[in-house]
Amino acid sequence: MTTRSSAPVRQSSVRAHNLALVLNTVANSADPPSRAAVSAATGLTRATVSALVDDLIAGGLVTELDPPPRTGAGRPAAGLALTAAGPAGLGLEINVDYLAACVVDLTGAVRQRFTEHADQRPAGAAGALAALGRLGARARLAAEADGLVIAGVALAVPGLVSGDLVRVAPNLGWQNTDAAALLRGVPELADLPVAVDNEANLAALGELRVAGANPDFLYVSGEIGIGAGVVIDGELYRGVRGWSGEIGHVTVYPDGRPCRCGANGCLEQYAGQEALAADEPLAAAALGIALSAVVNLLDVPVIVLGGAFVPHFERLRDGIEAELRRRVLTAGLAPVTLRAASLGAEAAVRGAADAVIREVREDPAGWLRRTS
Ligand SMILES: [Zn+2]
């Protein structure tokens with residue numbers, strides 16, 4: 001049964017869908033397409049495409065390039081492209097020993113990047129997030145001077161996240177920290193939507209979307225702690241409550257070194273940044289043991305080592321692969337591919353900025369509402 005009152009709702013959701021369709025057709029075209037080419041690719045009429053393109057241009061999402069010089073009869077059509085001067089994502093990252101901020105524009109290009117190296121533990125959650133907010137404010141100011149409009153903030157944290165709340169970040173010593181509220185306490189960021197996510201999840205998404213990784217892999221992020229992001233069929237597997245990926249607390253030696261989490265013999269006590277620097281063969285063996293358990297359980301064909309593992313990758317490789325060959329039941333049938341991350345240490349902050357941009361690209365109607 002249809003009712004009269006549902007018609008406007010349906011119409012606006014059709015428009016929202018079509019705006020996203022046109023925007024992503026422009027984004028994914030190898031060469032800047034004409035309005036006619038967008039019409040052909042989407043199956044929408046020329047008139048509909050033209051009206052939607054006009055809205056996207058007015059909202060600063062799409063730009064019309066100058067037409068190529070006339071070569072024969074007729075007027076060459078102008079090409080459409082994502083604008084490099086419209087909405088941008090602000091990614092922020094806090095880790096035990098650094099703060100980072102990164103601005104990515106709609107085309108995915110990094111426009112600003114700031115990093116500050118310092119131990120974040122003494123400042124506590126409020127102090128560290130205030131410092132990170134100030135770094136973000138500097139990045140925002142620089143981006144705005146460049147003609148960009150920050151659409152939102154995504155924050156990467158090394159801990160378990162529920163909504164805006166960091167439930168526990170053992171290496172920072174945080175518990176039940178309302179990270180979004182503390183960031184918004186910085187006046188220059190107070191007007192922006194803030195999303196909070198686990199750093200390894202954001203790094204895995206960065207590797208998938210920015211670096212174009214295969215759709216099935218385990219991303220392992222090495223910092224002071226170790227986290228992982230599980231990507232299956234191009235989707236992040238977050239676990240039932242969003243807390244999956246805590247590979248740093250997989251037991252490798254049950255009677256081993258005490259861990260900050262309260263258990264003994266956790267992976268990060270052998271392969272976290274500090275342990276890694278002290279003994280690489282031990283770190284490689286511990287990683288191989290933990291990764292074998294994950295592969296046996298989840299059947300992921302590719303392991304990507306990121307963060308602090310990237311500069312050590314070639315020296316860790318043989319030791320990890322020896323354990324995988326020994327412990328993964330299917331290793332003889334299909335060897336596990338081990339590789340270093342493409343994005344290196346900036347994966348999480350890039351993934352965070354990209355997550356903001358992706359929301360704009362998936363819902364341009366929402367962005368147009370905000371800016372009208
Ligand atoms: Zn632990």
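Values quoted throughout were computed directly from the atomic coordinates according to the rules given, and no laboratory measurement underlies them. Since this is a predicted model, take the numbers as computed values, not measurements. We place every Cβ from the backbone using ideal geometry, glycine too, and count neighbours over all the protein chains shown.
So which of V153, V196, V157, V166 is within 21 Å of the chain's Cα centre (by Cα) and over 22 Å from V103 (Cβ atoms)? Outline the logic, then answer.
Details: V153 fails: over 22 Å from V103 (Cβ atoms); V196 fails: over 22 Å from V103 (Cβ atoms); V157 fails: over 22 Å from V103 (Cβ atoms).
Unique residue meeting the criteria: V166.
Suppose we keep only residues that are within 21 Å of A200 (Cα to Cα) and in contact with a helix residue (DSSP H, G or I) (Cβ under 7 Å, 6 or more places away or on another chain) within the range 250-265. Which one would you say is farthest from the ligand (Cβ to nearest atom)?
Restricting to residues being within 21 Å of A200 (Cα to Cα) and in contact with a helix residue (DSSP H, G or I) (Cβ under 7 Å, 6 or more places away or on another chain), the top hit is V252.
I'm told A340 meets every condition in (1) within 19 Å of G59 (Cα to Cα); (2) touching a Gly at 6+ places or on another chain (Cβ under 8 Å) except one. Can you identify the failing condition by its number?
The number of the failed condition is (1).
Out of the range 21-33, which residues are out of contact with any strand residue (DSSP E or B) (no Cβ under 7 Å at 6 or more places or on another chain) and not in a helix (DSSP H, G or I)?
Matches in the range 21-33: S29, A30, D31.
Would you tally the residues in the range 270-303 being over 26 Å from the mean Cα position of the chain (by Cα) and polar (S, T, N, Q)?
1
Six or more apart or on different chains, Cβ atoms under 6 Å: show the pairs whose first residue is in the range 208-227 and under 15 Å from P170 (Cα atoms) and whose second is of a type in the set (D, E) and buried (at least 17 other Cβ atoms within 10 Å of the Cβ).
Filtered contacts from the range 208-227: G225/E268; I226/E268.
Being in contact with a strand residue (DSSP E or B) (Cβ under 8 Å, 6 or more places away or on another chain), touching a residue at least 12 places away in the same chain (Cβ under 8 Å) and not hydrophobic (A, V, I, L, M, F, W, C) is the filter here; which residues of the range 134-164 pass it?
Matches in the range 134-164: G136, R138, R140, D146, G152, P158, G159, G163, D164.
Has the range 310-317 got at least one residue that is of a type in the set (V, I, T), within 17 Å of E246 (Cβ to Cβ) and either under 23 Å from the mean Cα position of the chain (by Cα) or within 16 Å of the ligand (Cβ to nearest atom) (or both)? Please lay out each step first, then the result.
Keep residues of the range 310-317 that are of a type in the set (V, I, T), which gives 310.
Now narrow it down to the ones that are within 17 Å of E246 (Cβ to Cβ): none.
Within the range 310-317, none of the residues are of a type in the set (V, I, T), within 17 Å of E246 (Cβ to Cβ) and either under 23 Å from the mean Cα position of the chain (by Cα) or within 16 Å of the ligand (Cβ to nearest atom) (or both).
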